[in-house]
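Trainee: Provided herewith is a single structure, encoded as structure tokens, for subsequent inquiry.
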Amino acid sequence: MRRALVAATAALVAWHAPPLAGQDLSVRVGGIHARYADSLSGTAGSLAGRLVVDSPRFRLGSTLSFAQFSSGEWAAQFGASALGLRAVGGAWSAGLLGEANGSWLQGGTVSGIADAGPMLATGAGSWLGSLSAEAGGLRRIDGSTDALLTATLRARRTFGAVDLDAAASATGAGSTRYADLTLAAAARLGALSGTVVAGVRSGDLGGGPWVQAQAAWRVAPAIALEVEAGKYPEDITGFTHGLFLTAGMRVGLTAGALDASGRGRVVESGDVRIEHAGRGRVRLVFRVPGARAVAIAGEWNGWDNTPLTARRDGKWETVAQLGTGAYRFSLVVDGERWIVPSGVPSLPDDFGGRVGLLVVGR
């Protein structure tokens, strides 16, 4: 498994969530209707933030939220996840996944979960799958503690600009046993994107199905306005269920944009070279070591795979009709791997993965 599968697997694991420069920050405000066992319930205003840092072999995500209930009480929640993967074969990668989250309620009530374990992932064509097992412990809101075991099987299939995701998990802690099945669909149309996630549970902690939906409008290459609404399923620590509606903004923190404006007719950085070819055309040249075939998919060709031409110097090129502006894109290597070449910034692709940003100047 090479860098693309590792990075894609990280995106798959973090569904809900190049060099180390793939970072984005979200800040949202909104409202929730939630119940924390019998100690705190009702309607609240909320403020939440999320930070994600990606690399080809590592992903770190963290969230922090604060809710002020109409009754005058408050609750705070924190969550973090880390995933590290390394190649172990041509189409396989293995690594470690760790997760932790906690809740603090006014009056000193504390609950939380921490677990970690191995993961195995593989990809073929437009398919990507992973299997993970985690062990840890939990503290419930009533102060009781238990060992925690979880196993999760995930699969994702890409159909052009649409991603379909399915996950099945089984969890046990003390006398509590339950299994979850979730299905998700994500789609993108120009600057608009959306995701719908639905889940159902069997065993303990029932309560019927739940649905969450998220929509984003990309107003700039690194800025998106977001809105999200839905229902939380029951939580094993005592957070029984909840409804939420939030809105906010996500900002890409990737540094080092490739800027060709005012700097001549050729710009080269890392594995990317941009040459103005006249009449509004741009020659794009990429260095992709070890590739047998390379195609490019971007906003200008409807995310269809346009084959690149192999050059005698081992690089790959194509000529595209591109005006001045910024364009999102990915390279497709050997018909399977989606990568962002070094030398261009990477951005969230609205699905939890990464895409490159190609900036064409005058």
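Trainee: Which trypsin sites (Lys or Arg not before Pro) in the stretch 136-196 pass both tests, a DSSP loop state and at most 10 other beta-carbon atoms within 10 Å?
Mentor: Details: sites: Arg139, Arg140, Arg154, Arg156, Arg157, Arg177, Arg188; in loops: Arg140.
Here no trypsin sites (Lys or Arg not before Pro) fit, given the DSSP loop and packing criteria.
Trainee: Provide the FRET efficiency to the nearest 0.05 for the Val200-Arg177 pair, computing r from the beta carbons and using R0 = 22 Å. Present the calculation step by step, with values, prior to reporting the outcome.
Mentor: Values: r = 16 Å, r/R0 = 0.71.
E(calc), rounded to 0.05, equals 0.90.
Trainee: Residues with beta-carbon under 12 Å from that of Ser132, excluding Ser132: net charge, scoring Lys, Arg +1 and Asp, Glu -1? Don't skip to the end; give the middle numbers.
Mentor: Values: positive: Arg154; negative: Glu99, Asp115, Glu134.
Result for the local shell: -2.
Trainee: Same structure, new question: Using the Kirkwood radius over Cα pairs, work out the Stokes-Einstein diffusion coefficient for the stretch 266-360 at 25 °C and 0.890 mPa s, in µm²/s as a whole number.
Mentor: Values: Rh = 13.4 Å.
Answer from the Stokes-Einstein relation: 184 µm²/s.
Trainee: How much FRET efficiency would the formula 1/(1 + (r/R0)^6) give for Arg283 and Leu131, where r is the Cβ-Cβ distance and R0 is 41 Å, rounded to 0.05?
Mentor: Numbers: r = 43 Å, r/R0 = 1.05.
Efficiency, rounded to the nearest 0.05: 0.45.
Trainee: If R₀ is 41 angstrom, what is the calculated FRET efficiency for the pair Asp313 and Leu153, using the beta carbon separation as r and rounding to 0.05?
Mentor: On the way: r = 44 Å, r/R0 = 1.07.
About 0.40, to the nearest 0.05.
Trainee: Long-range amide H contacts for Thr237: which residues qualify at under 5 Å (H placed 1.01 Å from N, peptide plane, sequence gap of 5 or more or a different chain)?
Mentor: Close amide H contacts, sequence-distant or interchain: none at all.
Trainee: Can you tell me the length gained on complete extension of the stretch Ala191 to Asp304, counting 0.36 nm per residue apart and subtracting the Cα distance? The partial results should precede the final answer.
Mentor: Working: separation 113, 0.36 × 113 = 40.68 nm, distance 1.66 nm.
That works out to 39.0 nm of additional length.
All of the numbers you see were taken from the coordinates with simple rules; none came from a lab. Predicted model, so just to flag it, every value in this text is computed and none were measured. Glycine gets a Cβ as well: all are built from the backbone with ideal geometry, and neighbour counts include every protein chain shown.
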